[in-house]
Amino acid sequence: MTGNSGSGEGGGQANQMWGGRFAEGPSAIMREINASIPFDKAMWRQDIAASKAHVSMLGKQGIVSADDMKLISGGLDQVAAEYEANGVPENWDLEDIHMVTEDRLTQLIGAAAGRLHTARSRNDQVATDFRLWVRDAMDQAEAGLLQLQMALVTRAGENADSIMPGFTHLQTAQPVTLGHHLMAYYEMFRRDRSRFADARARMNECPLGSAALAGTGFPLDRDSTADALGFDKPTDNSLDAVSDRDFALDYLQAAAQCSLHLSRLAEEMIIWASQPFGFVRMPDTLSTGSSIMPQKKNPDAAELVRGHAGRIVGCLTSLMVTMKGLPLAYSKDMQDDKPPVFEAASLLALSIAAMTGMVADATFRTDRMRQAAELGYATATDLADWLVRQADIPFREAHHITGAAVKLAESKGVALDQLSLAELKAIDARIDEHVYDALSVEASVAARCSHGGTAPSEVTKRVVEAKQVLGLNELGEQGS
């Protein structure tokens, strides 16, 4: 076979791996470009698990003896214990994690180790290992996002009625509540979790037993190995099974989308932490100082999360370009499938953890937020709405009247609710004293009580629903 993490059909070192076809071993350049052990050693747990499932099935099917099955399985446990204690040795002559493990197994138990590779190729071996690794990464992302959602929901519940300016174009638009704002990110991460869940369900088929590309003549029980490794079923086409990397692309697409949401939240925290805004004090544990300016408290963790999004999107692009023109079945280009996935998974896990800590431990300056909400004539739309509801004025006309009121308030340097009734009546005689009930920021947010709106009553409903979905109790703690 032409293995994914390495190359060649058989086992052993250097030219022995290639058998009699090649008289000489690889050159130093070929050795270096061919070896994947520096990065694919990350899959050692998955490789051991898949090998144990495979040899167990071989034993049950009578393809290898019961004694050899036990010997191999016990040897694999010993190899795993060594890796856990000391790490995986990087033997570049052995190329990849599969051959490094098989070589060490041979040292431990002798010739019986050679029976492990019966009825499999490194093509289906690595396809299985990589799926297992990506599945674990999906589970890790989902678990991390759950914690981030819990932090968002908890803080949203604390601030269901904390008023802040809502923005469009980063210009003050209408008053909203901080709880409503935080719950918007809860929704984004809810969709991210669903993307990982969808991708996980789609990829949960086991390639093991597809061999190099055409299947095998041995009487395998592929359902048994699939079940042992937690897959729903074996793959149905051996060519597709060894050449498919859609599961990795699905993971990266979900990770890239998630990273964009994390970056947006990070960007807002950066803006809010700046002195002109002063909406939030970042936790000291996720900030740094300046080497020259002692007054500085830099939101470096948030900035790095923002930067990581670009790298994760780059990882997705990298693998898409690698896979775009490959013929069936396996090509050596696919050895480059793992570094972008490994990098993205590491960056995503860090970003999720950083933003979870930031949301949980930030100090929100709700006093500053409320003051800012009163600036920029954020209740102008409420004046227009009041004219529509109370004076039966068409909205376009109400919009024009409100614009005139804003212009007058701006010229006088006052808020809308500080204009006198006489001044408002001079703009339109249909305005009466009841208009002031609509012009405060409290009245503005309270009026937005449509489903999903920013009214504190609506935000509280959404928080209660989210806590039920997440399994949080009234104290914001996850139940058993």
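The H on the amide N of residue 61, modeled in the peptide plane, is under 5 Å from the matching H of no residue at least 5 residues off or on a different chain.
Basic side chains Lys and Arg get +1 at the Cβ, acidic Asp and Glu get -1 at the Cβ, and with that the dipole of region 312-465 about its Cα centre reaches some 400 debye. The magnitude of the dipole of the chain, with charges of +1 and -1 set on the Cβ of Lys/Arg and Asp/Glu and taken from the Cα centre, is near 380 debye.
Backbone phi angles across region 229-238, fed through the Karplus curve with coefficients 6.51, -1.76 and 1.60 (θ = phi - 60°), yield HN-Hα couplings of 9, x, 8, 6, 6, x, 5, 9, 9, 5 Hz in residue order; Gly and Pro are listed as x. Taking the charge dipole of the chain about its Cα centre, with +1 at Lys and Arg Cβ atoms and -1 at Asp and Glu Cβ atoms, the residue from 208, 118, 378 reaching farthest to the positive side is 378.
Applying 1/(1 + (r/R0)^6) with r as the Cβ-Cβ distance of residue 239 and residue 118 and R0 = 22 angstrom yields a FRET efficiency of 0.55. Among 72-79, 258-265, sorting by the average number of other beta carbon atoms lying within 10 angstrom of each residue, highest first, gives 258-265, 72-79. Comparing Cα centroids, region 259-284 and region 324-373 end up 16 angstrom apart. Using heavy atoms of the protein chains and a probe of 1.4 Å, the accessible area assigned to residue 83 is about 10 Å². Multiplying the residue separation of residue 411 and residue 346 by 0.36 nm and removing their Cα-Cα distance gives an extension gain of 18.0 nm.
The listed residues 121, 65, 238, once ranked by accessible area (1.4 Å probe) with the largest placed first, stand as 65, 238, 121.
For region 384-395, 3J(HN,Hα) computed residue by residue from phi via the Karplus equation (6.51, -1.76, 1.60; θ = phi - 60°) reads 4, 5, 4, 4, 5, 6, 8, 10, 6, 9, x, 4 Hz, glycine and proline entered as x.
Around the amide H of residue 173, modelled in the peptide plane, lie the amide H atoms of 166, 167, 168, all under 5 Å away and 5 or more residues distant in sequence or on another chain. Positive contributions from Lys and Arg (+1) and negative ones from Asp and Glu (-1), summed over other residues with Cβ under 15 Å from the Cβ of residue 208, come out at -3. Amide H to amide H, with H built 1.01 Å from N, residue 428 comes under 5 Å of no residue 5 or more places away or on another chain.
Net charge of the neighbourhood of residue 103, taken over other residues with C-beta under 12 Å away and scored Lys/Arg +1, Asp/Glu -1, is -3. Along the Cα-to-Cβ line of residue 146, 7 Å from the Cα, sits a label point; which residues in region 192-215 have backbone N less than 13 Å from it? Of the residues in region 192-215, 193-194, 197 have backbone N under 13 Å from the label point off residue 146. Couplings 3J(HN,Hα) of region 133-149, computed from phi: 5, 5, 4, 4, 5, 4, 5, 5, 5, 4, 5, x, 5, 4, 5, 5, 4 Hz, in residue order, whole Hz [Karplus 6.51 cos²θ - 1.76 cosθ + 1.60, θ = phi - 60°; x for Gly and Pro].
Here region 196-250 has 46 percent of its accessible surface on carbon and sulfur atoms, given a 1.4 Å probe and all protein chains in place. The length gained by stretching the chain between residue 311 and residue 86 to full extension, at 0.36 nm per residue less their Cα-Cα distance, is 77.9 nm. Residue 195: net charge of surrounding residues, Cβ under 12 Å, Lys/Arg +1, Asp/Glu -1, itself excluded? Counting the neighbours of residue 195, the net charge comes to +1.
Within region 444-470, find all residues whose amide N lies under 18 Å from a label point positioned 7 Å from the Cα of residue 388 along Cα-to-beta-carbon. The answer is 444-455, whose backbone nitrogens lie closer than 18 Å to the label point.
The candidates 399, 180, arranged from most to least accessible area with a 1.4 Å probe in the full protein assembly, appear as 399, 180.
From largest accessible area down, sort 120, 222, 389; use a 1.4 Å probe on the protein chains. It would help to have the intermediate numbers written out before the result.
Values: 120 20, 222 55, 389 145 Å².
The ranking, largest first, comes out as 389, 222, 120.
The values are calculated or read from the model by the stated rules, or taken from the named source; none is laboratory data. Because the structure is a prediction, the values reported are computed rather than measured. A quick note on method: Cβ atoms are made from the backbone with ideal geometry, for glycine too, and the neighbour counts reach across all protein chains shown. The area values use the complete protein model at the heavy-atom level, side chains included, leaving out ligands, DNA and RNA. Shrake-Rupley method; radii C 1.70, N 1.55, O 1.52, S 1.80 Å.
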